[in-house]
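What follows draws every value from the coordinates through simple rules; no lab data is involved. Values in this document were obtained by computation on a predicted structure and should not be read as measured data. Here Cβ is always computed from backbone atoms with ideal geometry, including for glycine, and neighbour counts include all displayed protein chains.
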Amino acid sequence: MAVKIKLTRLGKIRNPQYRIAVADARTRRDGRAIEVIGRYHPKEEPSLIEIDSERAQYWLSVGAQPTEPVLKLLKITGDWQKFKGLPGAEGRLKTVEPKPSKQELFNAALAAADGAPTTEATTPKKKPPAKKVAAKKASEPEQPADPDQVAAGGEQSEPAPES
């Protein structure tokens, strides 16, 4: 049985995503696969290429023939060079730098703002009418905050040294 390593298409109309699959050469494009050994998302930047190198090496060693697009992907990942014994087996695959986590972004924004807002509110706070404020102040008699201060005459005395 002739075995090929080919791409099976997934995804939406303008968002192609592919599985890298090992299948019988006679099956249709999206037909039944013997094994799925990777995935390829060409629309991402840089393109996502994940291939299980160990399984790709196995299938190449038992005679599976990669199609042209898969051959290019295998050369990018370095699996084809490893199989053929050529230099450059490390590949030239570009990797995406990891995105900072939301907590790191929040902490950076908080540090930049020094923990306080730097601008005023966009809508000013409502102030109560002046008549209500004056009536409220007149109805509340002034009371001292601490009864001990009233008894001591408002002065604080230092403790007497013990003899």
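Values computed for the structure shown
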{"quantity": "Debye equation applied to the C-alpha atoms of the stretch 3-84, log10 I(q)/I(0) at 0.25 Å⁻¹", "calculated": "-1.27"}
{"quantity": "14 Å beta-carbon shell around ALA134, net charge (K/R +1, D/E -1)", "calculated": "+4"}
